[in-house]
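This report concerns only the one structure given below.
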Amino acid sequence: MHLIFQRHHIPPDEVYNKDENVKRFMYASMMLQLEEEEKARKEQERAARRMRS
């Protein structure tokens, strides 16, 4: 939730007042984004290790 507020500048009350389906979509979308960022971070780390070897 914190990332939704921080990254998208949506205040907590605005999120809490949304329909349940909209909130589920927002949370799922944020989780997908975080997973993609983690995957990219790991790929960058692997590439950096290969460069050092």
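Okay, here's what the table says:
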item	result
Mean shadow area of the range 7-53, taken as a quarter of the surface of its Cα convex hull (nm²)	3.8
C-alpha long axis of helix 20-52 to longest principal axis of the chain, angle in °	10
Arg41-Ile10 pseudo-label distance in nm [points 7 Å out on the Cα-to-Cβ vector]	2.2
Helix-only mean residue ellipticity at 222 nm for the chain, each DSSP H run of n ≥ 4 adding -39500 (n - 2.57), per residue, nearest 500	-28000 deg cm²/dmol
Stretch gain in nm, segment Arg52-Val22, where the contour uses 0.36 nm per residue and the Cα spacing is subtracted	6.3 nm
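Bear in mind that the values in this text are calculations on the coordinates, not laboratory data. Given the structure is predicted, the values throughout are model-derived calculations rather than measurements. Please note: Cβ atoms are built from the backbone with ideal geometry, for glycine as well, and neighbour counts cover all protein chains shown.
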